[in-house]
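Worksheet: one structure, shown below.
What follows draws every value from the coordinates through simple rules; no lab data is involved. The structure displayed is predicted, hence computed values, not measured ones. Cβ sites come from the backbone with ideal geometry, for glycine too, and all protein chains shown count toward neighbours.
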C-alpha cells in the first residue's frame, strides 16, 4: 500500500507532480499558494529536478513555455492576480499546443482569503484568440494529488495546457493523502520537442511557434488549417473527457450543483435533506471545461429543480442555465449567503439546507 | 527532405518559399547571416536551440536551420532560461531579439536572466526603432530621433535611450557584454568575433552573455541604405559606442 501523509493541499500538489514524474517547476510567491512553491524549492532540486523562481507570473508562464517545449512535464502554480498576468501565456501555450499544468489556488478577488472567484476566467479562457483549456476541479487533498497525474496525462494526450483549480481552503487544509501512482493509457511520443537537431529522428529541425498559421509549420500551413485542427481537438476533448460525480440522483427532485470544496459542504446538506425525506441529489462537475452539460440536459427533462452553490457571486450558474436551456428552475447560493458577511465567512451546509427548503 | 544549399549563402540559411522577409537595405538579414556563420563555424548546428521573440527578429525562427522556438514578445529570456535549465550544459540556448523585445517589453526577463547568470546567450539587434510596426519610438531611439510616436524628435519628455550593453555589463551575473555593427567588412568580422566569444562563455558555463548589434532600418528611417549606414556611424555610434563592456572567465 502506498505511503500516507498528513499534508496541506498545497503540498499534495507537489507529491502528485512527483508521482507524475514532473521534471520542472516555475513559480512566483503569492498567497494562498506559497506552500506549493516552497515545497518545490525544497523537494525538486535534491531530486535532480528543476526549480526556478521567476520575477513575475508573466515570467512563470513563459518559463513554463520553455520547460514544456523541451518535452518534459513542467508546471507552475499561482493565485488570482498571478493567473491574470499569465493570460497572454495561456493563449500562447494553447496556440503552440504545449502540454503543461497550471495550478490555480483561488482567493477571494483580491483578498487573500478563500473563495471560488476564478471559475469564469479559467473556463472561458482569459487571454486572446478563443482557446479553451481542460479545467479539473478537485475537492480534497487526495484529489489534488491524483488530478496532478490525470492532468499531466490529459495535457500530453491532447497537447494542451491543463488547469487544476484549487482554492485557499483546499490549499491550506491538512488531510490524509495516499501517495498512489496512477496508471494511464500509453501516450504518443513527443517528436515535436525542441532539444537540438541531434535528437531529431529525420534530421530535420523542429520548430515550435506561438503563431501557428502565420509562420507555416509542417503541421499547419495557414491559420484556417490550424483553426480546423484546433477545433477538432476541442471537440474530441468535449466528446471524451467530460467528468463529473453524482450522488442520489435517480429519484432527485432537487439537485444541488457544486464544484471544489463546496461540493463537500453540499454533501453534508444532502444527507440532512435526505434525513428529512427530501428527494435531493447532487451533481459535482469535475471537468469545469468541458462542462458536463448532458447530465443537466437530461435531468432538466425530469422536472427537477437546480440549486447551484458556489463561493462567488454566481459564475458556474451561467453554464448550468445554458445546459438546462430554460427547461428547469435554477437557483443560487452564493458568497452573499456565507454564515458571516465578511471575508472569514463560509457557506455552511445549514444555509444550503435552508435555501433548499425555501425552494421546495 | 534535404534542404537545398545555394552557394554564397551560409550553410544554415534555410531556402524557404517566402518573400524576402526584410526591407531593401535592412541589415537584419546580414545579422542573421552572421548568426548562421557563427553557429556553423563553432560546430554548434546540432546542439543549439534558437529562441526568438516578436518583431523583425521573428524571421530568424524560420530562416536559421537549427531547432527553434518562437515565443511571446519580450519573453525569450524566460523561455531560454527554462530550456537551458532543463536541457543542461551541452545544449547551446541562444535568444535572438530586437531592441524593444529585449529592453522594453522584455526588460524583466532580460535583466533577471542576466542577474541569475543564466548560461544563455542573447543577441540583440538594435535598429533604434520598432521596425515591424512602422517605426515607433524604441528604448534605443537616440535623442532627437524622429519616429512615428516622437514626430518632433525624441526629447527628455520621452526619456533617454537605454544603453543595453553597458547596462547589462554592469550586472554581476553577466560574463560577457559587447556591441558591434556591420558598417564595414572589418566591423562585420569584429562583431562575429564578439558573437563567438559570447557563445564561448556559454559553452564554458561562465554565465550570461550578451551582444548588441547595431543595424540599419532604411524604410522606417526614410533614408537610402547608404545614408542609413552613415547615420549609424554619425548618430548611433556616438551614443552606442562599439566594443566590449565586460569579459570575465568567472563570475565573482
Sorted by packing (mean other beta-carbon atoms within 10 Å per residue), highest first, where do B:94-106, A:4-16, A:240-252 land?
-> B:94-106, A:4-16, A:240-252
Compute the acute angle (0 to 90°) between the alpha-carbon long axis of helix A:34-43 and the principal axis of greatest extent of the alpha-carbon atoms of chain A; round to the nearest 10°.
-> 40
Folded to 0 to 90 degrees: helix A:261-275 orientation relative to chain A principal axis, Cα = 30
Say each of residue A:278 and residue A:251 gets a label point 7 Å from the Cα, pointing the same way as Cα to Cβ; how far apart are those two points in nm?
-> 1.7
How compact and how long is region A:245-359, expressed as Rg and Dmax of its alpha-carbon atoms in Å?
-> 13.0, 39
Please average, across the residues of B:114-121, the number of beta carbons from any other chain that are within 10 Å of each residue's own beta carbon, and give a whole number.
-> 1
Between the Cα axis of helix A:223-240 and the main Cα principal axis of chain A, the angle (0 to 90°, nearest 10) is 40
According to the square roots a ≥ b ≥ c of the eigenvalues of the Cα gyration tensor, what is the shape class of region B:7-151, taking rounded for a/c under 1.5, prolate for a/b larger than b/c otherwise, and oblate for the remainder?
-> oblate
Based on the alpha-carbon gyration tensor of region A:69-209 and its eigenvalue square roots a ≥ b ≥ c, which shape applies: rounded if a/c is under 1.5, prolate if not and a/b is larger than b/c, or oblate?
-> oblate
Using alpha-carbon positions, the gyration tensor of chain A gives root eigenvalues a ≥ b ≥ c; with a/c under 1.5 called rounded, otherwise prolate if a/b exceeds b/c, else oblate, the class is prolate
Taking every residue of B:39-52, the Cβ atoms of other protein chains inside 10 Å of its Cβ average out to 3
Counting partner chain Cβ atoms within 10 Å of every residue's Cβ in A:186-196, what's the average?
-> 3
Per residue convex hull volume, Cα atoms of the protein assembly as shown, in Å³ = 172
Using the per-residue mean of other Cβ atoms lying within 10 Å as a proxy for protection, in what order, highest first, do the peptides A:209-222, B:80-93 fall?
-> B:80-93, A:209-222
Rounded to whole angstrom, the alpha-carbon centroid of region B:67-129 lies from that of region A:125-195 at a distance of 28
Quickly rank B:182-194, A:63-75, A:331-343 as a protection proxy: mean count of other C-beta atoms within 10 Å, highest first.
-> A:63-75, B:182-194, A:331-343
